[in-house]
Amino acid sequence: MKIGIPIPRIIVVLTMILILSGCGYGFSPGGEYIDPEVRKVFIEPFANRTSQANLEDTIRLAITNWFVRGKRFQIVDNEAQADAIFRGAVKSLSTAPLSYRTTNLAAEERMTLTLELSFEDRRTKKAIWKDGNFSGSQDYPVANVNDTETARQNALTKLSRDTAERAYRMMMSGF
């Protein structure tokens, strides 16, 4: 009597073990590398070095929304109550045509936003996370003169939200 496990069954079992165990690498979006005592965050008003009115408020609101969604930190009203301070500045906002119509007018444009961001421990004055050239871009159609401004504002809103999400996730992952 021969007792044995068929080779195909062994291969399937070993493959399943390897797949389920994985390599163990992954992002840490919970901010585990950030000192657990850092709980309260003050988000300073952002500087705006562009000619786009209220852009700094749009970006700051988008960042604040991600801090609230993350539930890791409590947003406070002033620096004195905070364990950490998030600072930001809008460095630039530019648009460039991506494609043209036969009339040589733009059919699609790309909006690019560049920010200077930092997250600092208030007690030690040391940077927890910092990026002096954090950027994002958003493409949008240029239909006609009347619809272009609406498309541009919609693109700016989406760009602000997406860039804020990416910045928050990068910060919380330690990148």
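Anisotropy class assigned to the stretch 43-87 is oblate, per the alpha carbon gyration tensor with a/c at or over the 1.5 cut-off and a/b no larger than b/c.
The spacing between the stretch 104-175 and the stretch 50-72, judged by their C-alpha centroids, is 10 Å. Across the stretch 30-173, C-alpha contacts under 8 Å between residues 6 or more apart give a mean separation that, scaled by the residue count, equals a relative contact order of 24 percent. Working note: Cα gyration tensor of the stretch 59-142, eigenvalues times five, square-rooted, sorted largest first, giving semi-axes of 37, 13, 9 Å.
Considering only THR64, ALA47, MET172, the residue lying farthest towards the positive end of the dipole of the stretch 30-173 is MET172, judged by Cα position with unit charges set on Cβ. Here the contact order of the stretch 55-123, divided by its residue count and restricted to Cα pairs under 8 Å and six or more residues apart, works out to 31 percent. From the largest down, the stretch 36-175 spans 59, 26, 25 angstrom on the principal axes of its Cα atoms. Taking the Cα of ALA107, stepping 7 Å toward and past its beta carbon, and measuring to each backbone N in the stretch 116-145: which are under 20 Å? Of the residues in the stretch 116-145, 138-145 have backbone N under 20 Å from the label point off ALA107. Highest mean packing comes first when the peptides 54-66, 91-103, 120-132 are listed by Cβ atoms within 10 Å, giving 54-66, 120-132, 91-103.
What shape does the stretch 122-175 have by the C-alpha gyration tensor, where a ≥ b ≥ c are the square roots of the eigenvalues, rounded means a/c under 1.5, and otherwise prolate means a/b greater than b/c and oblate the rest? Because a/c hits 1.5 or more and a/b exceeds b/c, the stretch 122-175 counts as prolate.
Rule-based calculations on the coordinates, nothing more; no lab input. These numbers come from a predicted model, not from an experiment. Counting neighbours? That spans all protein chains shown, and the Cβs are built from the backbone with ideal geometry, glycine included.
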